[in-house]
1. Considering only region 179-191, how many residues are more than 22 Å from GLY36 (Cα to Cα) and in a helix (DSSP H, G or I)?
2. Find the residue count for region 1-24, including only residues that are modelled with pLDDT of 95 or more, surrounded by fewer than 23 Cβ atoms within 10 Å (Cβ to Cβ) and assigned to a loop (DSSP other than H, G, I, E, B).
3. Any residue in region 79-107 that's free of Cβ contacts under 8 Å to residues at least 12 places away in the same chain: show its pairings with residues that are hydroxyl-bearing (Ser, Thr, Tyr) at Cβ separation under 9 Å, as long as the two are six or more apart or on different chains.
4. Any idea which of PHE225, PHE182 is of a type in the set (A, V, I, L, M, F, W, C), more than 19 Å from GLU16 (Cβ to Cβ) and without any contact (Cβ under 8 Å) to a residue 40 or more places away in the chain?
5. So, SER194, is that one assigned to a loop (DSSP other than H, G, I, E, B), modelled with pLDDT of 95 or more, closer than 29 Å to LYS12 by Cα and small (Gly, Ala, Ser) or not?
6. Scan the strands (runs of 3 or more DSSP E) fully inside region 82-178 and keep the ones with 2 or more residues being of a type in the set (Phe, Trp, Tyr), buried (at least 17 other Cβ atoms within 10 Å of the Cβ) and in contact with a helix residue (DSSP H, G or I) (Cβ under 8 Å, 6 or more places away or on another chain).
7. Mind listing just one residue for me: the one in region 15-71 that is under 21 Å from GLU187 (Cα atoms) and of a type in the set (S, T, N, Q) and, of those, farthest from ligand 1 (Cβ to nearest atom)?
8. LEU218: more than 22 Å from ASN78 (Cβ to Cβ), in a strand (DSSP E or B) and in contact (Cβ under 8 Å) with a residue 40 or more places away in the chain, yes or no?
Amino acid sequence: MIKNNKELKRIKLYIEGLDEQLQGGIPEGYVTLICGTAGTMKSSISFNVLYNEALEGRTGLYVSLEQSAKSLLEHAENMGYDLSKINIVIISDIAKLKDKIQDIKSAKGGSLVISDLGTIRKEIKGTKIGPSGDWLNVIKNIIKKLKAEAQCDFFILDSLSALYVLSNFDDPRTKLFYIFEFLRDIELTTFLISEMPLNKSKYSEYEVEDYLADGIILLQQTERFRKVIREISIVKMRATDCNTDVFTLEYKNKKFYAMQGGKPPLV
Ligand SMILES: Nc1ncnc2c1ncn2[C@@H]1O[C@H](COP(=O)(O)OP(=O)(O)OP(=O)(O)O)[C@@H](O)[C@H]1O
Ligand SMILES: [Mg+2]
């Protein structure tokens with residue numbers, strides 16, 4: 001059944017001032033690209049969603065191909081997140097996925113599940129399939145199991161760019177089409193982090209990702225009078241009446257804020 005706009009359940013970005021600008025959030029189950037050059041807080045914004053959803057009792061998977069789970073959590077602690085408030089599950093050995101799923105199920109609230117490069121590399125080495133292209137299959141298998149057995153609702157891939165380096169992407173358009181298809185079918189709300197080139201000439205590597213994605217969120221660092229300002233904008237969001245203005249992004253008192261002219265934007 002096609003849901004009308006009012007019936008769509010929306011997932012908050014947990015950025016004060018911004019969720020109000022996109023009818024309350026991203027439609028559940030949508031695939032969104034989080035684009036930005038290095039250091040624009042792509043990982044932090046994505047982590048922030050999973051952290052807050054875990055506080056609300058929901059579970060999400062963060063696959064980190066760029067930094068280790070340890071480094072990601074150190075960054076989060078440095079930003080002031082109280083990690084003791086949520087259940088953090090690190091999958092460091094896929095052979096033990098069953099036990100981890102049990103941990104998620106027996107936790108009181110939601111869990112933030114992290115799997116990193118080292119874990120997946122270990123799994124690939126342990127199989128006979130050979131190294132190229134299998135990264136994707138390993139990741140897909142984790143997603144499927146967590147969705148089916150641990151009621152996982154969110155998936156973050158950090159980053160698509162790293163996946164391209166690690167996987168065999170000889171026919172990227174076809175491959176990407178099937179990846180997006182898989183993600184939509186599995187009905188997880190997904191963020192795909194996309195590393196943009198320094199000249200910001202494109203949102204994603206092959207540019208088809210822009211069309212395949214339901215939404216694009218752009219993070220930028222802009223120089224003004226020798227001061228560098230962080231900015232955020234919604235480039236597109238399907239089925240959403242959204243404000244595509246560029247907002248200043250601030251992180252203070254352990255919270256993200258989107259501002260316009262130094263003030264929260266008017267709704
Ligand atoms: N406590 C803090 N408060 C505010 N900003 C911080 C804090 N700690 C780190 N940062 C900023 O966060 C930035 C990195 O954030 P993050 O790792 O989310 O960015 P990224 O876009 O994912 O980077 P990369 O391109 O390396 O993956 C750092 O460049 C730093 O300026
Ligand atoms: Mg990052």
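1. Number satisfying all stated conditions: 5.
2. Of the residues in that region, 6 qualify.
3. LEU83/TYR51
4. PHE225
5. When the stated conditions are applied, SER194 does not pass them.
6. The strands (runs of 3 or more DSSP E) meeting that bar are 152-158.
7. Restricting to residues being under 21 Å from GLU187 (Cα atoms) and of a type in the set (S, T, N, Q), the top hit is GLN23.
8. When the stated conditions are applied, LEU218 passes them.
The values are calculated or read from the model by the stated rules, or taken from the named source; none is laboratory data. A quick note: this is a predicted structure, and the numbers were derived from the prediction, not measured. Glycine gets a Cβ as well: all are built from the backbone with ideal geometry, and neighbour counts include every protein chain shown.
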